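A.B. asks: Take a look at the following structure, please.
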Amino acid sequence: MAVEPVPTSSPVATSELTKIATEACDFALKDVTEYDHSRVADWNSHIINTILKALISATAPSTASSSPPYRFVVNSTIVQQGLIDKSAAADGATANAGKRGMHSASGAFWDVNRDGMWTFKYPGAEERGLDVVVSVTWFALG
């Protein structure tokens, strides 16, 4: 599953969230061919900041004197896929070579009618030997 459904309280449509996250990951990882620990912090920072700017812009009030209607938290996790002998792959399938399991969960106490969370797994990461998972959380103000 690449994208989890967005609650009805989402300030930005699912299709737009997916577009924003995909474009941020595409740009941050455009020249990446493999995991590089010395560069991963920069990739994460670029992904997070690009998504935050797009979300703030998409939800900005029409008058400059108005307060922003939402606060956002963006998390980006980049995991290096395992490096193993293809002959030792799970179930003997070479497509499973280098795969690692990963599970992440979040919980919150909030207003379920106005606040929410969305999670996205970047599909273009696998060809680079990576897994990239982005989550966006929003809190309505006022």
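A.B. asks: Report yes if residue 66 is exposed (fewer than 10 other Cβ atoms within 10 Å of the Cβ) and free of Cβ contacts under 8 Å to residues at least 60 places away in the same chain, otherwise no. Step through it out loud before you land on a result.
C.D. replies: On the way: exposed (fewer than 10 other Cβ atoms within 10 Å of the Cβ): no; free of Cβ contacts under 8 Å to residues at least 60 places away in the same chain: yes.
For residue 66, the condition - exposed (fewer than 10 other Cβ atoms within 10 Å of the Cβ) and free of Cβ contacts under 8 Å to residues at least 60 places away in the same chain - is not met.
A.B. asks: Does residue 10 satisfy being in contact (Cβ under 8 Å) with a residue 24 or more places away in the chain and either polar (S, T, N, Q) or touching a helix residue (DSSP H, G or I) at 6+ places or on another chain (Cβ under 6 Å) (or both)?
C.D. replies: Details: in contact (Cβ under 8 Å) with a residue 24 or more places away in the chain: yes; either polar (S, T, N, Q) or touching a helix residue (DSSP H, G or I) at 6+ places or on another chain (Cβ under 6 Å) (or both): yes.
Yes: the conditions hold for residue 10.
A.B. asks: Next up: Quickly run through the range 32-54 and pick out the residues that are modelled with pLDDT of 95 or more and acidic (Asp, Glu).
C.D. replies: If the condition is that a residue be modelled with pLDDT of 95 or more and acidic (Asp, Glu), then 42 is the only one that fits.
A.B. asks: Here is a follow-up. Test of understanding: among 21, 108, which residue is part of a helix (DSSP H, G or I) and either at pLDDT below 95 or more than 20 Å from residue 141 (Cβ to Cβ) (or both)?
C.D. replies: On the way: 108 fails: part of a helix (DSSP H, G or I).
Selected residue: 21, the only one of 21, 108 that is part of a helix (DSSP H, G or I) and either at pLDDT below 95 or more than 20 Å from residue 141 (Cβ to Cβ) (or both).
The values are calculated or read from the model by the stated rules, or taken from the named source; none is laboratory data. Everything quoted here is computed from the prediction, not taken from an experiment. As a convention, Cβ positions derive from the backbone with ideal geometry for all residues, glycine included, and neighbour counts pool all protein chains shown.
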